[in-house]
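To start, the structure itself, in structure tokens.
The values are calculated or read from the model by the stated rules, or taken from the named source; none is laboratory data. These figures come from a predicted structure and were not determined experimentally. As a convention, Cβ positions derive from the backbone with ideal geometry for all residues, glycine included, and neighbour counts pool all protein chains shown. Accessible surface areas use protein heavy atoms only, side chains included; no ligands, DNA or RNA. Shrake-Rupley method; radii C 1.70, N 1.55, O 1.52, S 1.80 Å.
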Amino acid sequence: DYKFKNHSLNLAYTIGNGLSYTLGAGRLVYGRGEQSKLGTSFVTENSTGEALFMNFGIPFIGAELLLGYRQNIIEYKNFQSQISGQTVMLEDTVKLLSSQFNAGFGFLF
């Protein structure tokens, strides 16, 4: 059983008058991972990661329809737990590679 929580900081640049194109990158600023093994919960906040993303904007009735794609790569290390008063650390790392397709609606100003 795994649980992950992430916060990232993103920087993007958009160009185009009619059709717009956005290209951006993100950096993980906080990540927390939890995994359960044999009934014991191991937790870490030792994480690194980055993301790349792009969006296309298509004019639509005074606004724009947005379509995009994002790819995240995040790694969690040093999962630990207290067992019988001693700290136990797992040597395993967990690497997540995720992709997302996005759709939305934006207002032009």
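Report, by residue number, each residue of the range 16-32 that is modelled with pLDDT under 95 and touching a Leu at 6+ places or on another chain (Cβ under 9 Å).
S20
With respect to N55, determine if the residue is surrounded by 17 or more Cβ atoms within 10 Å (Cβ to Cβ) and touching a residue at least 12 places away in the same chain (Cβ under 8 Å).
Values: surrounded by 17 or more Cβ atoms within 10 Å (Cβ to Cβ): yes; touching a residue at least 12 places away in the same chain (Cβ under 8 Å): yes.
For N55, the condition - surrounded by 17 or more Cβ atoms within 10 Å (Cβ to Cβ) and touching a residue at least 12 places away in the same chain (Cβ under 8 Å) - is met.
From the residues in the range 13-45 that are open to solvent by 60 Å² or more (accessible area, probe 1.4 Å), of a type outside the set (D, E, K, R) and in a strand (DSSP E or B), which one is nearest to Q100 (Cα to Cα)? Let's see the steps before the verdict.
So in the range 13-45, the residues open to solvent by 60 Å² or more (accessible area, probe 1.4 Å) come out as 13-15, 17, 19, 21, 23, 27, 29-30, 32, 37-39, 45.
Those left that are additionally of a type outside the set (D, E, K, R): 13-15, 17, 19, 21, 23, 29-30, 38-39.
Imposing the further condition that a residue be in a strand (DSSP E or B) reduces the set to 13-15, 21, 23, 29-30.
Working: Y13: 19, T14: 19, I15: 22, Y21: 17, L23: 15, V29: 19, Y30: 20 Å.
Applying the filter and picking the extreme gives L23.
With the requirement that a residue be modelled with pLDDT under 90, closer than 10 Å to K77 by Cβ and open to solvent by 100 Å² or more (accessible area, probe 1.4 Å), what does the range 87-109 give you?
E91
Determine, yes or no, whether G68 is open to solvent by less than 30 Å² (accessible area, probe 1.4 Å), in contact with a strand residue (DSSP E or B) (Cβ under 8 Å, 6 or more places away or on another chain) and closer than 30 Å to F109 by Cβ. Even if it seems obvious, please write down each step before you answer.
Numbers: open to solvent by less than 30 Å² (accessible area, probe 1.4 Å): yes; in contact with a strand residue (DSSP E or B) (Cβ under 8 Å, 6 or more places away or on another chain): yes; closer than 30 Å to F109 by Cβ: yes.
So G68 passes the test.
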